[in-house]
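Visitor: Pasting a structure below so you can have a look.
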Amino acid sequence: MFAISYLTFALGYMGLFYRPVFILMGMAMLWLTRREIAGYISLLGTWMTQLGEKIRVLSRAEKALLCILLLAVIGNLLFNYCPPTAEDETSTHLGIPAKWLVSHAIYSIPGASAQYFPSGILMQYAALAAAGSIQTARLFHYIAGIFCMAAVYILARKFMERPAALLAAAIFYTVPVVTSLSGIGNTDLGTLFYALLAVYSFLNWLPEKKLRWLLIAAVFTGAHAACKYSAFPLLLIIPALILYEERHRMCRAVRQATLFAAISFSALVPYLLRNFLVTGNPLYPKKFLHCNYDELLYLMFFQRESVFDLARKVGDLGMGGIIWGIGPLFAAFFPFIFVFKVRDGAGRDISLLLFVIAALNYLLLFAAGISFQLSRHSLLSFALVAVPVAGAIAQIFHSMKMRGYIVFLLSLSFLFNLSLCLYFGGKRLPVFMGLQSRQAYFSNGYYDTKGQAFMVRYINSNIPEGAGIFFLNSLAAPQLSYPKHRVLGMDAFGVQFYRSSQAEAAAELDARGVDYLVVASDSFYPDAAGTFWWKESDGKLPVEWFKPGFAEPVITRDNVTLYTRGKAWKR
């Protein structure tokens, strides 16, 4: 899939986003890897014939953990099966590839800052959507979550017995943030999979320092970093660990760290070069020197936060965020990883090593200003910590007279985690069973914003194709919902636009070909002078020009209104 990302990237800029092209590419990939696929099928057949015997020899604890994982896998599948409605997937992760596919090429969508992020997973979604459908791409994110669960198990099994490794996989896969991500088409789980492969390869390099494992780790670190900007920490962490591990042979350490950094960073080069050519800023939409950047993105998400904010975010991880948290299990057993340690064959403290990688990953993201939904962006941290937590639980269970307490606490924790998984999946069961149509599901208020489902139907049925529509309520516009219209989010305009006069705003909207506005009233609040302020800006962004008479309402549903040109906004 890593190679497919770059092939898709090239095909997009050549204007070859056509289904036959991607089907041929898939067939070529299958042909080139036919021997490996045949080997895997043979292994799978052998494993399936032995499955009954393997299950019979499992302990009761292992069978219970497998049942927990099976319930979570089924619940997440039901969750993922339904049409995409979450804001991130409709505006960005699925919405952007959908717009490219309509035009059969990659082009610069107005606004949509996320199109300039490193796009490894985004390109895979484009390929899957071209060969199949948008729902195929969405399903891939769910499958990536299962791959991550398997990767956590394999990583844990390297150092622990099978029951503890299964526990690590169950701890990771049932946490609320993983459940929330499994049901939508984001890029987080695919990104995490590459990171887990990178860490596993690095741990294989440690005992004998074989260059092969270091090169593999570098490739997977590059694949991880090429998926999103928030995947940068491993580019710094692993070279630092190489320098520390080889500190007694510093020349060798510097050579290996430099080689690792060069290989892993090279995966980013195509995306950085594209950004430089299109926007003049290789790191767009980030701030870089005096280059162009996305002002609204910084106004909304990148705040100067203190150590107290960091402490609050760590404190909220257990239960504070609920669906974006990590549940009670980590909080209950995390302190024990420093007492009941997991070690490798050479006596190396694996618990400490994984904790260091996890902590550095979390802290580097926070220091970089990525504090919005930090638990989601730092998913690698919790996947890694699940291993020593499971190891500590297993050691406590076997070495202390606390078995009843451990079983009781684990049962409560998994019950809480599974309840969220089964709730989200159960809500979608009628669609899965054919008792509710996808259109009915889409219309029944599963949208992030009330009234949006109605507005999607109305605009697609009544507004001429190709019309420009400005969504004055969210940073990014729901591209996926309006495949035949030009839709712009608030990030399509700079901060000064919102502070401009009505005449200046009208001129700018005309220049962008905008004829309609969509406004969610609960996204703004008026001050005493009647000026509207965008709530998500925390009082930093007024919309000076949006006043009575600027635009005329066409239709309103719940809190969402569609406007057309008014007295102050005429051609």
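This table checks each residue for (1) within 20 Å of ASN80 (Cβ to Cβ); (2) outside the structural domain of LEU234 (by TED's automatic domain parsing).
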residue: LEU360; (1), (2): no, no
residue: ALA368; (1), (2): no, no
residue: ARG376; (1), (2): yes, no
residue: ALA386; (1), (2): no, no
residue: HIS398; (1), (2): no, no
residue: VAL407; (1), (2): no, no
residue: SER411; (1), (2): no, no
residue: LEU435; (1), (2): yes, yes
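Visitor: Select from segment 100-123 the residues that are aromatic (Phe, Trp, Tyr) and either more than 21 Å from the chain's Cα centre (by Cα) or not in a helix (DSSP H, G or I) (or both) and list them in ascending order.
Guide: Hits for segment 100-123 are TYR107, PHE117.
Visitor: Kindly indicate which of LEU420, LEU384, LEU415, LEU435 is out of contact with any helix residue (DSSP H, G or I) (no Cβ under 9 Å at 6 or more places or on another chain) and either crowded, with 21+ Cβ neighbours inside 10 Å or within 25 Å of ILE184 (Cβ to Cβ) (or both).
Guide: On inspection, the qualifying residue turns out to be LEU415.
Visitor: Right, here's the next one. Of everything in segment 525-555, what is touching a residue at least 40 places away in the same chain (Cβ under 8 Å) and not acidic (Asp, Glu)? Give them in sequence order.
Guide: The answer is TRP534, SER537, LYS540, LEU541, PRO542, VAL543, TRP545, PHE546, LYS547, PHE550, ILE555.
Visitor: Here are some conditions: (1) at pLDDT 95 or above; (2) not in a helix (DSSP H, G or I). LEU235 meets all but one. Which one does it not meet?
Guide: (2) is the only condition that LEU235 fails.
Visitor: Sort out which residues of segment 71-100 are small (Gly, Ala, Ser) and under 12 Å from ALA129 (Cβ atoms), and write them in order of number.
Guide: The answer is GLY95, ALA98.
Visitor: Also: Evaluate the following for SER133: is it surrounded by fewer than 22 Cβ atoms within 10 Å (Cβ to Cβ), hydroxyl-bearing (Ser, Thr, Tyr) and modelled with pLDDT under 95?
Guide: Against the criterion (surrounded by fewer than 22 Cβ atoms within 10 Å (Cβ to Cβ), hydroxyl-bearing (Ser, Thr, Tyr) and modelled with pLDDT under 95), SER133 qualifies.
Visitor: Hey, another quick one. Scanning segment 556-571 for residues that are among the charged types (D, E, K, R) and touching a residue at least 24 places away in the same chain (Cβ under 8 Å), which turns out surrounded by the fewest Cβ atoms within 10 Å (Cβ to Cβ)?
Guide: Of everything passing the filter in segment 556-571, ARG571 is surrounded by the fewest Cβ atoms within 10 Å (Cβ to Cβ).
Visitor: So how many residues does segment 183-229 have that are among the hydroxyl-bearing types (Ser, Thr, Tyr) and surrounded by 24 or more Cβ atoms within 10 Å (Cβ to Cβ)?
Guide: Going through segment 183-229 one residue at a time, the tally reaches 4.
Visitor: Among TYR125, TYR81, TYR142, which is of a type in the set (Phe, Trp, Tyr) and either under 24 Å from LEU283 (Cα atoms) or surrounded by fewer than 17 Cβ atoms within 10 Å (Cβ to Cβ) (or both)?
Guide: Step by step, each of TYR125, TYR81, TYR142 is checked, and only TYR125 is of a type in the set (Phe, Trp, Tyr) and either under 24 Å from LEU283 (Cα atoms) or surrounded by fewer than 17 Cβ atoms within 10 Å (Cβ to Cβ) (or both).
Visitor: Using the structure shown, decide if SER521 is within 24 Å of GLY185 (Cα to Cα) and within 31 Å of the chain's Cα centre (by Cα).
Guide: Taking the combined requirement at face value, the residue does not satisfy it.
Visitor: Give all pairs with beta carbons closer than 8 Å in which a residue from segment 250-261 that is in a helix (DSSP H, G or I) meets a residue that is β-branched (Val, Ile, Thr); count only pairs at least 6 apart in sequence or on separate chains.
Guide: Partner pairs satisfying both residue conditions: ALA253/ILE242; GLN256/ILE242; ALA257/ILE242; PHE260/THR221; PHE260/ILE238; PHE260/ILE242.
Visitor: Here's something else I'd like to know. So, ILE55, is that one without any contact (Cβ under 8 Å) to a residue 12 or more places away in the chain and farther than 30 Å from PRO478 by Cβ or not?
Guide: It is true that ILE55 is without any contact (Cβ under 8 Å) to a residue 12 or more places away in the chain and farther than 30 Å from PRO478 by Cβ.
Visitor: Another question about this same structure. Using the structure shown, decide if VAL487 is under 23 Å from ILE109 (Cβ atoms) and without any contact (Cβ under 8 Å) to a residue 40 or more places away in the chain.
Guide: In short, yes.
Visitor: Find the residue count for segment 327-349, including only residues that are at negative phi and touching a Gly at 6+ places or on another chain (Cβ under 8 Å).
Guide: The number of residues fulfilling the criteria is 7.
Visitor: With at pLDDT 95 or above, in contact with a Cys (Cβ under 6 Å, 6 or more places away or on another chain) and in a helix (DSSP H, G or I) as the only criterion, which of LEU192, LEU197, LEU155, LEU166 stands out?
Guide: Selected residue: LEU192, the only one of LEU192, LEU197, LEU155, LEU166 that is at pLDDT 95 or above, in contact with a Cys (Cβ under 6 Å, 6 or more places away or on another chain) and in a helix (DSSP H, G or I).
Visitor: Would you list the strands (runs of 3 or more DSSP E) that sit entirely within segment 466-565 and hold 3 or more residues that are under 26 Å from HIS93 (Cβ atoms) and not assigned by TED's automatic domain parsing to the domain that holds TYR293?
Guide: Answer list for segment 466-565: 468-471, 486-488, 514-520.
The values are calculated or read from the model by the stated rules, or taken from the named source; none is laboratory data. Just so it is clear, the structure is predicted and the values come from calculations on it, not from any experiment. Every residue, glycine as well, gets a Cβ built from its backbone with ideal geometry; the counts of neighbours run over all protein chains shown.
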